[in-house]
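Here, each number is a calculation from the coordinates, and none is a lab measurement. Please read all numbers here as calculations on a predicted model, not as lab measurements. Every residue, glycine as well, gets a Cβ built from its backbone with ideal geometry; the counts of neighbours run over all protein chains shown.
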Amino acid sequence: MKHALFVRFALAAALSLATIPAAQAQTARPPAAKMPQLAGPWTVSLIGNTGCGWSSMLVTFTLESSGAGTATIQSHTSGCGDNTTTGVTFVVQTMNANGSGTANLSCGADCGWEFNIQVAPDREIFSLVDVYPENPGNFLSGMAVRQL
């Protein structure tokens, strides 16, 4: 009987010690986000209302370490039909240590969107939402995923 009690105690102690590092790892904060960490190829899906009406878009681009890149937009809209626009810019304008920031996607002359972004701690995805009143009638949001 004493042997069974000892085994239970030893098992409980071992499990307790094993969970301490796991708990500490969960509370550790990732290092500050920096613009060069976003360098590489990305794909963004956007949906919402634009100057062309209800829109869905697939945007691909490769960011340089400065946060700028050249994009291709494939769009399906209720007002402007289906289009592919190439050679436009996507620029991460600001990046805070917590991963929040701003970005701009151009869609040609006098056309574009300003986004608030939030980069995930692993730097593999970020969200985008256009909330700027200077861009009336545009309500886009979506998710960017780093390409493999």
Proximal charge balance of SER106 [Cβ under 14 Å; K/R count +1, D/E count -1]: -3
Cα→Cβ-extended label distance, 7 Å offset, between MET143 and SER78, nm: 2.4
Rel. contact order, % - alpha carbon contacts under 8 angstrom, at least six apart, the stretch 35-146: 24
Virtual spin-label span in nm between VAL131 and SER66, 7 Å along Cα→Cβ: 2.9
Whole-angstrom gap from the stretch 58-73 to the stretch 108-148, using each part's C-alpha centre: 12
Local electrostatic count at MET57 - Lys and Arg +1, Asp and Glu -1, tallied over other residues with Cβ under 14 Å: -2
